[in-house]
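A.B. asks: I am attaching a structure below and will ask some questions about it afterwards.
The values are calculated or read from the model by the stated rules, or taken from the named source; none is laboratory data. From a predicted model like this one, the values you see are computed outputs, not experimental measurements. Glycine gets a Cβ as well: all are built from the backbone with ideal geometry, and neighbour counts include every protein chain shown. Surface areas here come from the heavy atoms of the whole protein model, side chains and all, with no ligands, DNA or RNA. Shrake-Rupley method; radii C 1.70, N 1.55, O 1.52, S 1.80 Å.
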Amino acid sequence: MKETMKTNPGAPIAPSQVIGRDRLIENLWRTLERQSLVLSAERRMGKTSVIKKMQAEAPPDLLPIYRDLEHVRSPLEFVQAVLQDVEEYVSKLRQNAGRARKLVSQLGGTEVAGIIKLPSVAAPHWKSLLEETIRDLVENQEKKVILFWDEMPYMLGNIGDEAAMEVLDTLRSLRQTHTEELRMVFSGSIGLHHAIEKLRESGYANSPINDMYIEDLPPLSDKKARELAYRLLTGEGVSTSSNQKIAEAIAKAVDNIPYYIHHLIARLALHPKVVDEATVRKMVDATLSDPNNRWYMSHYRDRIDTYYDDEKRPYALVMLDILAVAEKPLLFKELLERVKSETGSGDREIALTVFQLLQQDYYIIQRPNGQIFFRYPLIQRYWQLSRGLTA
C-alpha cells in the first residue's frame, strides 16, 4: 500500500513526496545529456519541486547546483549568487582553480562568515567574474555541471533591458564554450518569451536560447493525480463517502494540478461533515470566488496588465471573455468575428499576435483541427466568476 501523506499547500515539497514525475525527470536527464533546457509551465505545476527533486537525486556523475533568482536585481548580484553557490565546490578542487577568487580579491571583494561580498566598483567586471567562476568550476573536475536557475524571467525583468541582453548573451557564450562540461536549466512561472520580446522591442536581435530545448511541464496524469489525492485524503483523515471516488473528483475538479490538490484537501480536512462529490464542487467554486484570493487566482488577470501592452490588452481580455462562455470550441475566424462584434473593430494581425501569446501563456490551446478553448477548465471557471460572466 502507498504511504499516506500530509497536505503541504504552498510550502516546499520534499523530493520523496513529489508524485508522478519520475518519467518526466528521466526524459529531462536524457535531454541534458545533449543540451541545456528551458523548463516552462503554468504557475503551480510544480517546476521548483521537480528541479529540486532532480538536484537531490542526481546521477553520481553530475553536479547539480540550484538557485532561485527571483530577487536578483543586477548582474553583479547574479554573479555574487553564482560565486557563492560554486565556492564550496571550487575550494575543494586543484590549486589552479582560483582565477575567479583572485579577480574578486583584486576588485576589493571580501568574505564575511563564508559569504562573498562584491563591492559596487566590481559591477563593470561582472562578465569576467562570471566567466572565470564557471571556468574554475567546470575545468577542474570530472563531473558535468548542471546549473538549475529558477525564476530566470523574473531576474531578467529586474535587471533592466541592456543588462538582460548582456546576461543572456554571456550565458549562451558560456554554453558554447563549455559544450561538454556544462548544462543550464532555466525555469520560471512567467515565460521567457515575454522577457525576450520586451528586449526585442529595445533593439535586441539575438536568439539567446535557440540552443536550449524547451520542455513544458504538464499537470499530473489522471492516475497520478488520483493517487496523490487519495494519499492526502488518507493522511489527513478526511471523512468521505469513498476515498477512491472523492480522490477522482478532486483530481478532475482542479485539472490534476498538484498545488490545488494540496490546497483543496487541506480545506476539506476542516469540513465538519462527510465529504461527497457535491462538496468538492461547491468548495472549488467557493474558493474561486473567495475575495481572500486563497489560490492567488487573480494572477491570471493581473499578468495581462503587466505583460500585454495597451494595444494587445483589450484583445486578450475580450478573447478570453468570449472563450470562457463559448458553448463549444471556436475556430480562429469565429473568434475574430466575435471580437469584432463585441468591440466594433478587430485588427487581424494584432488578434493573431495576441492569440499566439495567450497560447504561450497557457490560457488557451488549439487542437490540430483548429478548435480553440481554455487550456484548463479550472482557469476557465475562475475567469467566468471573476469577470461576471456567469448566467
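A.B. asks: Only one residue in L39, L69 is within 20 Å of the chain's Cα centre (by Cα), over 16 Å from L217 (Cβ atoms) and of a type in the set (A, V, I, L, M). Which one?
C.D. replies: After applying the criteria, what remains is L69.
A.B. asks: Output the residue which, of all residues in the range 59-85 that are part of a loop (DSSP other than H, G, I, E, B) and of a type in the set (D, E), is surrounded by the fewest Cβ atoms within 10 Å (Cβ to Cβ).
C.D. replies: Residue satisfying both the conditions and the ranking: D61.
A.B. asks: Related question: Checking Y300 against (1) open to solvent by less than 20 Å² (accessible area, probe 1.4 Å); (2) modelled with pLDDT of 95 or more, which single condition isn't satisfied?
C.D. replies: (2)
A.B. asks: Do any helices (runs of 4 or more DSSP H) lying entirely in the range 287-391 carry at least 1 residues that are farther than 26 Å from E197 by Cα, and which ones are they?
C.D. replies: Answer list for the range 287-391: 313-325, 332-343, 377-386.
A.B. asks: What are the residues in the range 268-285 that are surrounded by 12 or more Cβ atoms within 10 Å (Cβ to Cβ) and part of a helix (DSSP H, G or I), if any?
C.D. replies: Selection gives L268, E277, T279, V280, R281, M283, V284, D285.
A.B. asks: Does L28 satisfy the criteria of being in contact with a Ser or Thr (Cβ under 6 Å, 6 or more places away or on another chain) and within 24 Å of Q176 (Cα to Cα)?
C.D. replies: No: the conditions fail for L28.
A.B. asks: Return a yes/no flag: does the range 228-244 have any residue that is part of a helix (DSSP H, G or I), surrounded by fewer than 20 Cβ atoms within 10 Å (Cβ to Cβ) and either at positive phi or of a type in the set (A, V, I, L, M, F, W, C) (or both).
C.D. replies: Here is the first cut: in the range 228-244, the residues part of a helix (DSSP H, G or I) are 228-236, 243-244.
Filter once more, so that each one left must be surrounded by fewer than 20 Cβ atoms within 10 Å (Cβ to Cβ): 234-236, 243-244.
Imposing the further condition that a residue be either at positive phi or of a type in the set (A, V, I, L, M, F, W, C) (or both) reduces the set to none.
No, the conditions are met nowhere in the range 228-244.
A.B. asks: Exactly one of these conditions fails for K224: (1) open to solvent by 30 Å² or more (accessible area, probe 1.4 Å); (2) without any contact (Cβ under 8 Å) to a residue 40 or more places away in the chain; (3) of a type outside the set (D, E). Give me its number.
C.D. replies: (2)
Table: residues versus (1) out of contact with any strand residue (DSSP E or B) (no Cβ under 9 Å at 6 or more places or on another chain); (2) free of Cβ contacts under 8 Å to residues at least 40 places away in the same chain; (3) under 29 Å from L270 (Cα atoms).
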{"site": "G10", "(1), (2), (3)": "yes, no, yes"}
{"site": "P15", "(1), (2), (3)": "yes, no, yes"}
{"site": "D22", "(1), (2), (3)": "yes, yes, no"}
{"site": "E26", "(1), (2), (3)": "yes, yes, no"}
{"site": "W29", "(1), (2), (3)": "no, yes, no"}
{"site": "L39", "(1), (2), (3)": "no, no, no"}
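A.B. asks: Name the single residue, out of those in the range 134-172 being assigned to a loop (DSSP other than H, G, I, E, B) and at pLDDT 90 or above, that is most open to solvent (accessible area, probe 1.4 Å).
C.D. replies: Step one: list which residues in the range 134-172 are assigned to a loop (DSSP other than H, G, I, E, B), which gives 139-143, 151, 160.
Next, only the ones that are at pLDDT 90 or above stay: 143, 151.
Values: K143: 86, E151: 22 Å².
Among those that are assigned to a loop (DSSP other than H, G, I, E, B) and at pLDDT 90 or above, it is K143.
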